[in-house]
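None of the figures in this text is laboratory data; all of them are computed from the coordinates on show. Given the structure is predicted, the values throughout are model-derived calculations rather than measurements. Cβ coordinates were reconstructed from backbone atoms using ideal geometry, including for glycine residues, and neighbour counts include every protein chain displayed.
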Amino acid sequence: MTEALRERCEAIKATYPEAQSALIPILHALQDSYGYVTPQAVEEAAELMAMTTAEVEGVVSFYTLFHRKATGRYHIQVCDNLACQLRGTDELLAHLKEKWQLEPGGPSPDGIFSLERVECLAACGYAPVAQVNLRYYYHLTPEKADQVLSGLADGEEARGERI
Ligand code: FES
């Protein structure tokens, strides 16, 4: 861990009355720095928080916002739960595979995208839903997905949508 990262984590920890409450923001800081939550990051978080690595692993594995392997610059999380399934997730995933060669797993060869199926993103009324980095995209169709991905591939920021 670099000195700058350690200082950042210590500063985060100092803002919480109970040090262990800082675990999630510290994991975000480590993920920002390493690209994903590496085994080293788990050990570093455990040491910083005076927790066991098993306790840290339990938190990391619970939240889909923490990634356990490298992702693309834009990490696309497609909801695979009931409401989204009923409104076209399978069609959307098939399209992403056929047109964009995206399948769940590591980053695309160009490093721009990665894809993950996730459980309910808590926006069921706007199904089907996907999250790109921290931004939501609603009522996705293959055509709409093409527009979003084309924009991102051209360097647009993931802005998501406001409802
Ligand atoms: S089922 Fe997709 S957001 Fe809830």
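Things worth noting here:
- The translational diffusion coefficient of region 108-163, from Stokes-Einstein at 25 °C and 0.890 mPa s with a Kirkwood hydrodynamic radius over alpha carbon pairs, comes to 204 µm²/s.
- Across all C-alpha atoms in region 1-80, the radius of gyration and Dmax reach 12.6, 40 Å.
- Percent of Cα pairs exceeding the 22 Å cut-off, where the set is region 74-153: 12 percent
- Annotation: the chain has a Kirkwood hydrodynamic radius of 17.0 angstrom, from the mean reciprocal C-alpha pair distance.
- Straightening the chain between A19 and T141 buys 39.5 nm, computed as 0.36 nm per residue apart minus the Cα-Cα spacing.
- Label-point gap, in nm, between A54 and R162 - each point 7 angstrom along Cα→Cβ: 4.7 nm
- Using the Cβ-Cβ distance between K97 and A153 with R0 set to 22 Å, the FRET efficiency from 1/(1 + (r/R0)^6) comes to roughly 0.85.
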